[in-house]
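K.L.:
Encoded as structure tokens, here's the structure I'll be asking about.
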Amino acid sequence: MFRTALRNVLAHKARLLMTVLAVMLGVAFVSGTLVFADTLSNAFRNQSAKSYDDVAVAVTSHADPDNPKEEPGLSARTLDKISAVDGVDAAYGRVDGFAGVADPDGKLIGVGWSNKGANFSPGKDGKDPAYTFTDGSGPVKDDQIALDKESAAKGEYQVGDRVRVATNGPVKEYTLSGVFTTEDGAVNAGGSLVLFDTAVAQKQYLKPGYFASATVTAAPGADDARILDAVGPLLPDTADAKTGQALADEQAEQIEQGMSSLKQVLLGFAGIALFVGVFLISNTFTMLVAQRTKEIALMRAVGASRKQITRSVLAEAAVVGLVASVIGFVLGIGLAVGLRSGMAAFDMKIPGGPLIVSATPVLAAIGVGVLITMFAAWLPGRRAAKIPPVAAMSSVHAVATTKSLVVRNSIGAAVTALGSAAIVLGASSGGDDGRMYIAAGAFFALIGVIILIPLLSRPVIALVRPLLVGPFGVAGKLAGQNAVRNPRRTGATASALAIGLTLVTGLSVLGITVGTAIDKMTTDNIKADYMVSMANGGDLDQSALTALQKAKGVSAVSPQQSVYFELGGDDFVSASAVTPGDIEQVLKVDVVSGSVDSLAKGQIAVAEKTAKSRGWKPGDSLPVTYGDEKKGKLTVGAVFKDSEFLSPVLVDTEVVKPHETQPYIQQIFVKVDGGQSASNEQVLIDALGDNPAITVMDRQDIRNEFGGAINTMLNIMYGLLAMALIIAVLGVVNTLAMSVFERQQEIGMLRAIGLDRRRVKRMVRLEAVVISVFGAVVGIGLGSFLGWAIGETIADQIPGYALVLPWDRIGIFLVLAGLVGVLAALWPARNAARLNMLNAIKAE
Amino acid sequence: MTTASIADRATTVAARATDLSKIYGQGETQVVALDRVTVEFRQAEFTAIMGPSGSGKSTLMHCVAGLDTFSSGSVRIGDTELGSLKDKQLTKLRRDKIGFIFQAFNLLPTLTALENITLPMDIAGRKPDKQWVDSVIRMVGLADRLGHRPAQLSGGQQQRVAVARALASRPEIIFGDEPTGNLDSRSGAEVLGFLRNSVRELGQTVVMVTHDPVAAAYADRVVFLADGRIVDEMYKPTADNVLDFMKQFDAKGRTS
């Protein structure tokens, strides 16, 4: 029987092409993901091991530098004691924080969140083992810095040049003393690293004389564990020590975890692609079996058992699956390589390393490919086994009875109803539980709709048929009828597209709805023209606020300054210090009772929900404990509506000023005379001293900042789902090619009685468009439903949430589905038009 | 249509092949399917083309009907020379001037009987002449089966739909390729009766390829083909005459 199977595969090479392609793409996705993840985590692991290579023990302080009761870090004395431990070669004190480097145009070099500054910590030999200087030497004077090689190259800086560097204070100019290479994580992540003289760094980032951490190197032959034991007792309570090996392992584990979630997401999408492929494969084998009815009946007649027939179909599938998987795996390796260089092209720094192809991805990819193909061929195989031997004698093809569709429809309806009920239940109950119901419901609804799709195809396509006959005449009429001729086949083909579009639409509805809500919230609440913040998301220096207050043309300016105090007993509340009189001009403050002017009188304003839950109302006098432990009283002057942009408690900056040594300013909102303009923006930038570390965002930038992430996310999702859609398109090609093959005789007749080639093509093309758009409509419907349901569960977390159906995108999806049909029909339509009429009309 | 005009038309030629040759392959493997065949099909005449398998009878019909290309010679349908036509023009010619009846019926399973009958006009984008279509339907006796799909009809009924389809667009000439080949003798006789009636009463021109002497006896004239050449023709044939001729011919073929 196996030989028959093999012969069959070889005989139907062309017809199995699409199946092979589908399996191949799915397997490539799976193996590409696995190989990429393995390669990447190996590279990261090597790198982290390398960065701790000569670290025997690392000490980290967790002290709060603002707490006067404890030592703010590791003192020089502690370091000296560590250095004196037996087996220790040297101890290097480290202190780091944010530092942004300006290029000659004043723009920040590198991405904001990994621009780091640290101290240069020379040992006895004047060298710091963490950095290898390629040019010049480490900074040892107040006005010297060193830069990592890549940042120096980006800024085109040479040793001796003057470089502008911003920490969270004003920009300062330093002389570049040297350029170095390092295994530091910030640099490897594509950021920049500035080295300062130790005293400068300590003053900037901690307290003079103190370090945040230390790395200890061992003398040759010394045991790391023994050093660790000796170092432990020397440390203050707020610090702990670990061996370099332990830290490297810890980091490796973190990398592994990060990698595995990326891997799972990618594998999830690969799974979707393979799931879609199942329909294509199943369709192909169904058609192959149907075309071979006589042959199979003959085998049964000469004594093959049903089991043997099923097995022969499965063996055929296994051969196809194996061939496709092997090709797919090779493609997958290519994909992994491509992904790596692709990420590099997007400025994501990935450490180099060899391509890791271990046994797991090989086995997984090929196993998945073969099993999926066999699974998809199982039903057609069983159907083949049911062909009675007598079919060998009759010339009529066995036609599927309507009875099985009745059973199918009842099951489908039940499953769909169950799924939809779970989705509605989930949407109404909300929260995490609700989302669980929706997830389960979505699965069942999707399966149910797939089961029901053959039934749906008739009425839905009948609905659009008049649209086809009108402009396209007889070709349209025939196409419409052909599309519903074999509901199962149309259904399976449309299902593949429907799955992809369900996900695409669901994500779009959700993303656009949330995005619109956030955007509306942003535009409604922000009245300021500009928002000023640090590039790294850290706090702004007081000097920035002062500079903006003095800037020309500024009409209102208010900081959002985090304030830590206990209010009304010993409950901690999140509060912001703002500028009275200006805050309501830059942000919307919707006062419910009292007056916002009371802020200027040293009173506080409280958000409605907080006021309600604590039972506060205007006029109440509340005890307060400030950050410096001093006590006082504050009066509630106003209650305002809760807003995403305002803390629950607002207070005048002047009130907290005496109690906060280092105010933590998150953002500064600015309103200027004449509103937004390039010149006004420049005024602000100049006022801030052209600081590369400070970003000035106009209203559009702010909207992008809050809503842009969603668009990026959506685009990534679209990209990942593209694979599933490509396989769906292959499915349409496959179905059409097979249909054209089966209908050779009637196409020949149509040509004979006068249907020209153009219209034969049009007929095939329209059939493809009808099937594709049908699948798209089903998917869009289901996707919108799911998007609505999931949206309902998060609606209460987003003020101003309202369902937005992205009609423009839905329209684009439909048009794309139509184009997919046209594209998929290219080859089958050509075949149909080129059909040899005489062969076609010849009687069998 | 008056008797006079039918008589008129009988003198004009509906289709003509002159020195028609069709050669497959080249050199050693060359096969001559048609060898300089010259034949005329007159209007309002029912012609049967006969010959043993491989005689070229189907090829002759395919070439004259514009379904197949030929190597040399000329074919005219009415005033149109087929040799110079491109596929598009040939398609249009078949659509407007030629009707077909196939051995395997070749109806579209998705269309009803009536839709199948009017399909050629649908393709041409013409409104069918309702009176004419009605009379054709009455003639083939399908009035009560118009809403049925081919799968619900018997073989004989299906072929009657095919006959009606060929007649409905009033083509200049109808070609039949073994139209009774898949039918039992009674249904076959019915179909042939309709074809003969369409020639006698409606002035239709019909050319039919067959290997059945009984079918050929319905024709006004029989053309005999062998080895790609016309070897003889017979007017007012009877089944016995034709059979005798074929036997004779077979014997000749064997002795030569």
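K.L.:
Quote the charge dipole size of segment A:536-691 about the Cα centre in Debye, to the nearest 20; the model charges only the Cβ of Lys and Arg (+1) and of Asp and Glu (-1).
P.N.:
The dipole of segment A:536-691 has a size of about 440 debye.
K.L.:
With a ≥ b ≥ c taken as the square roots of the eigenvalues of the C-alpha gyration tensor of segment A:269-331, please select rounded if a/c is under 1.5 and otherwise prolate if a/b is larger than b/c or oblate if it is not?
P.N.:
Details: a/c = 3.11, a/b = 2.17, b/c = 1.43.
In terms of gyration-tensor shape, prolate.
K.L.:
Hey, another quick one. Please give the Cα centre distance for segment A:612-689 versus segment B:116-173, rounded to the nearest Å.
P.N.:
So the two Cα centres are separated by 87 Å.
K.L.:
Let me ask something else. Just need log10 I(q)/I(0) for segment A:96-205 at q = 0.11, 0.13, 0.14, 0.21 Å⁻¹, Debye formula, equal scatterers on the alpha-carbon atoms, no solvent, rounded to two decimals.
P.N.:
Taken in order of the listed q values, log10 I(q)/I(0) reads -0.27, -0.38, -0.44, -1.10.
K.L.:
Going by a ≥ b ≥ c, the root eigenvalues of the Cα gyration tensor, does segment B:140-256 fall in the rounded group (a/c under 1.5), the prolate group (a/b larger than b/c) or the oblate group?
P.N.:
prolate
K.L.:
What fraction of the DSSP beta bridges in segment A:536-691 is antiparallel, stated in percent and rounded to the nearest 5?
P.N.:
Counting only bridges with both partners in segment A:536-691, antiparallel ones make up about 75 percent.
K.L.:
Say R0 is 60 Å: what FRET efficiency, to the nearest 0.05, do B:Thr29 and A:Glu250 get from their beta-carbon distance?
P.N.:
That pair, B:Thr29 with A:Glu250, gives E of 0.15.
K.L.:
Once the convex hull of the C-alpha atoms of chain B is built, how many Å³ does it hold per residue, rounded to a whole number?
P.N.:
About 136 Å³ per residue, rounded to a whole number.
K.L.:
How big is the Cα convex hull of segment A:290-365 in projection, averaged over all directions, in nm²? Mind showing how you got there, number by number?
P.N.:
Working: hull surface 31.8 nm².
Over every viewing direction, the Cα hull of segment A:290-365 projects on average to 8.0 nm².
K.L.:
Report D for segment B:9-138 in µm² per second (integer): Stokes-Einstein, Kirkwood Rh on Cα pairs, 25 °C, 0.890 mPa s.
P.N.:
Calculated translational D: 147 µm²/s.
K.L.:
Among the lysines, which fall within straight-line cross-link reach of A:Lys116, defined as a Cα-Cα distance under 24 Å, with same-chain neighbours fewer than 8 residues apart omitted?
P.N.:
In chain and number order, the partners are A:Lys50, A:Lys107, A:Lys127, A:Lys141, A:Lys149, A:Lys154, A:Lys172, A:Lys203, A:Lys207, A:Lys242, A:Lys349.
K.L.:
A further question follows. Once you list every other residue whose beta carbon is under 15 Å from the beta carbon of A:Leu714, what net charge do they have if Lys and Arg are +1 and Asp and Glu are -1? Provide the component values of the computation, followed by the final result.
P.N.:
Working: positive: A:Arg809; negative: A:Asp519, A:Asp808.
Charge balance in the 15 Å sphere: -1.
K.L.:
Which one, B:Thr59, B:Thr110, B:Thr180, has the greatest fluctuation when you compute a Gaussian network model over chain B with C-alpha springs under 10 angstrom?
P.N.:
B:Thr110
K.L.:
Still on this structure, I have one more. Show me the chymotrypsin sites (Phe, Trp or Tyr not before Pro) within segment A:683-752 that DSSP assigns to loop and that have at most 10 other Cβ atoms within 10 Å of their Cβ.
P.N.:
The qualifying sites: there are none.
K.L.:
Among A:356-369, A:164-177, how do they line up from the highest to the lowest mean number of other beta-carbon atoms within 10 Å? Can you show the working numbers first?
P.N.:
Numbers: A:356-369: 17.4, A:164-177: 19.6.
Ranked from most to least packed, the peptides come out as A:164-177, A:356-369.
K.L.:
A follow-up question, please. Give me B:Phe175, A:Phe44, A:Phe275 sorted ascending by neighbouring Cβ count inside 10 Å, so fewest comes first. Mind dumping the intermediate values first?
P.N.:
Numbers: B:Phe175 28, A:Phe44 22, A:Phe275 19.
Lowest count first: A:Phe275, A:Phe44, B:Phe175.
K.L.:
Continuing with the same structure: Please report, ordered by residue number, every helix of chain A (full DSSP H runs) that is 27 Å or longer along its axis going by C-alpha atoms and whose mean Kyte-Doolittle hydropathy reaches 1.0. Don't skip to the end; give the middle numbers.
P.N.:
Details: long enough: A:13-51 (55 Å, 0.77); A:244-291 (68 Å, 0.72); A:306-345 (56 Å, 1.23); A:359-385 (37 Å, 1.28); A:402-429 (40 Å, 1.05); A:431-483 (53 Å, 1.13); A:487-525 (53 Å, 0.56); A:699-742 (61 Å, 0.96); A:757-794 (55 Å, 0.86); A:807-834 (40 Å, 1.04).
What comes out of the filter, once short or polar helices are dropped, is A:306-345, A:359-385, A:402-429, A:431-483, A:807-834.
K.L.:
Take the Cα gyration tensor of segment A:536-691, multiply each eigenvalue by 5, square-root it, and list the three semi-axes largest first, rounded to whole angstrom.
P.N.:
After scaling each eigenvalue by five and taking roots: 29, 18, 12 Å.
K.L.:
Semi-axes of segment A:1-139's equivalent ellipsoid from the Cα gyration tensor, sqrt of 5 times each eigenvalue, largest first, rounded to whole Å?
P.N.:
Each semi-axis is √(5λ); the values are 57, 22, 17 Å.
K.L.:
Which of rounded, prolate, oblate describes segment A:506-616, given a ≥ b ≥ c as roots of the alpha-carbon gyration tensor eigenvalues and a/c under 1.5 marking rounded, otherwise prolate only if a/b is larger than b/c?
P.N.:
Values: a/c = 1.59, a/b = 1.08, b/c = 1.47.
Oblate.
K.L.:
Determine the relative contact order of chain A: mean sequence separation of Cα pairs under 8 Å and six or more apart, normalised by residue count, in whole percent.
P.N.:
16
K.L.:
What whole-number distance in Å separates the alpha-carbon centres of segment A:200-224 and segment A:780-801?
P.N.:
Going from one Cα centre to the other spans 52 Å.
K.L.:
Once every DSSP H run of n ≥ 4 in chain A is given -39500 (n - 2.57) and the sum is divided by its residues, what mean residue ellipticity at 222 nm do you get, rounded to the nearest 500 deg cm²/dmol?
P.N.:
-20000 deg cm²/dmol
K.L.:
For A:Lys13, go through the lysines and keep the ones whose alpha-carbon is under 26 Å away, minus same-chain ones fewer than eight residues off.
P.N.:
Cα-Cα hits under 26 Å: A:Lys294, A:Lys307, A:Lys386, A:Lys761, A:Lys842.
K.L.:
Figure the gain on full extension for A:Arg834 and A:Ser358 (residue separation times 0.36 nm, minus the Cα-Cα span) and round it to one decimal in nm.
P.N.:
Between A:Arg834 and A:Ser358, full extension yields 166.5 nm more.
K.L.:
Give, as a single signed number, the net charge of other residues whose beta carbon lies under 14 Å from the beta carbon of A:Glu792, with Lys and Arg counted +1 and Asp and Glu -1.
P.N.:
-2
K.L.:
Considering the options B:Thr80, A:Ser647, B:Val231, tell which one lies farthest towards the positive end of the dipole of the protein assembly as shown, charges being +1 on Lys and Arg and -1 on Asp and Glu at the Cβ, about the Cα centre.
P.N.:
About the Cα centre, the residue reaching furthest to the positive side is B:Val231.
K.L.:
Across the residues of B:101-111, average count of Cβ atoms on other protein chains within 10 Å?
P.N.:
Taking all residues of B:101-111 together, the mean is 5.
K.L.:
A follow-up question, please. Using Cα positions and a limit of under 29 Å, work out the lysines in reach of A:Lys612, with same-chain residues fewer than 8 apart set aside.
P.N.:
A:Lys520, A:Lys527, A:Lys588, A:Lys601, A:Lys630, A:Lys631, A:Lys633, A:Lys641, A:Lys657
K.L.:
Express the relative contact order of segment A:96-205 as a whole percentage, based on alpha carbon pairs under 8 Å and six or more residues apart in sequence. Could you put the intermediate results ahead of the total?
P.N.:
Details: 253 pairs, mean separation 44.3, N = 110.
Computed over segment A:96-205, the figure is 40 percent.
K.L.:
Need one number for the protein assembly as shown: average projected area of the convex hull over its C-alpha atoms, nm².
P.N.:
On the way: hull surface 245.3 nm².
Result: 61.3 nm².
K.L.:
Explain nothing, just the number: relative contact order of segment A:536-691, from Cα pairs under 8 Å at least 6 residues apart, as a whole percent.
P.N.:
The value is 35 percent.
K.L.:
So how strong a dipole does chain A carry about its Cα centre when Lys and Arg Cβ are +1 and Asp and Glu Cβ are -1, to the nearest 20 debye?
P.N.:
Using Cβ point charges on Lys, Arg, Asp and Glu, chain A gives about 7440 debye.
Rule-based calculations on the coordinates, nothing more; no lab input. Everything numeric here is computed off the predicted structure, so don't read it as measured data. Cβ atoms come from the backbone with ideal geometry, glycine included; neighbour counts cover every protein chain shown.
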